[in-house]
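Everything below concerns the one structure shown next.
The values are calculated or read from the model by the stated rules, or taken from the named source; none is laboratory data. On a predicted model such as this, the values are computed, not experimentally measured, just so you know. Note that each Cβ is placed from the backbone with ideal geometry, even for glycine, and that neighbours are counted across all protein chains shown. When the accessible area is computed, the model is the full protein with side chains, heavy atoms only, and any ligands, DNA or RNA have been set aside. Shrake-Rupley method; radii C 1.70, N 1.55, O 1.52, S 1.80 Å.
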Amino acid sequence: DKDEKAAQQRQKDEEKAKREKEQDELVEAVMAATKSGRGAFYAVLGLTPEASGADVKKSYKTRCLRLHPDKCRHERAGEAFRALSHAYDTLKCPEGRAEYDKRDAARAAAASPSAAKGTTVSIPAGQCVTIVTNRDRRLEHLNGL
């Protein structure tokens, strides 16, 4: 009887360790996704922009259960949970999702190195122009081009 109880306890401990490892990996994945740039909200939810509204809701509910700070003991669980909630609040309705996709595409286009390379601007001689590049946030002052 003692051996059986010990075996059951070991099994419970192994399951708990496995669950905590999965939660830790999920928290780290969500936190990494928040910094991923384009499509970050989709990445936080573990989805692609092609996902349906039902997929967004399902992923949110599943991840919420695993990331809620009352269930997940990871030190950044609260932060990951807030990021997940913010992503869902934005993507849950078609209007918010369309606006996010529009802004996300504009940010990606502005940050694209190819977008800046192909741009030619004519500036009259004697004029001073300041160009702000999104790529590296440097200011370049051009005078008299």
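Identify all residues within the range 1-31 that are open to solvent by 60 Å² or more (accessible area, probe 1.4 Å) and touching a helix residue (DSSP H, G or I) at 6+ places or on another chain (Cβ under 8 Å); write none if there are none.
Glu22
Scan the range 1-50 residue by residue and report those that are in contact with a Phe, Trp or Tyr (Cβ under 7 Å, 6 or more places away or on another chain) and over 13 Å from Ala83 (Cα atoms).
Result: Thr48, Pro49.
When residues of the range 49-64 are filtered for being open to solvent by 50 Å² or more (accessible area, probe 1.4 Å) and either over 12 Å from Leu91 (Cβ atoms) or assigned to a helix (DSSP H, G or I) (or both), how many remain?
The number of residues fulfilling the criteria is 7.
Can you tell me which residue in the range 6-48 is farthest from Ala105 (Cα to Cα), limited to those that are out of contact with any Ser or Thr (no Cβ under 9 Å at 6 or more places or on another chain), of a type outside the set (Gly, Ala, Ser) and not in a helix (DSSP H, G or I)?
Filtering the range 6-48 down to residues out of contact with any Ser or Thr (no Cβ under 9 Å at 6 or more places or on another chain) leaves 6-38, 48.
This time we only want the ones that are of a type outside the set (Gly, Ala, Ser), so: 8-16, 18-28, 30-31, 34-35, 38, 48.
Adding the requirement that they be not in a helix (DSSP H, G or I) leaves 35, 38, 48.
Numbers: Lys35: 16, Arg38: 8, Thr48: 14 Å.
Only one residue fits best here, namely Lys35.
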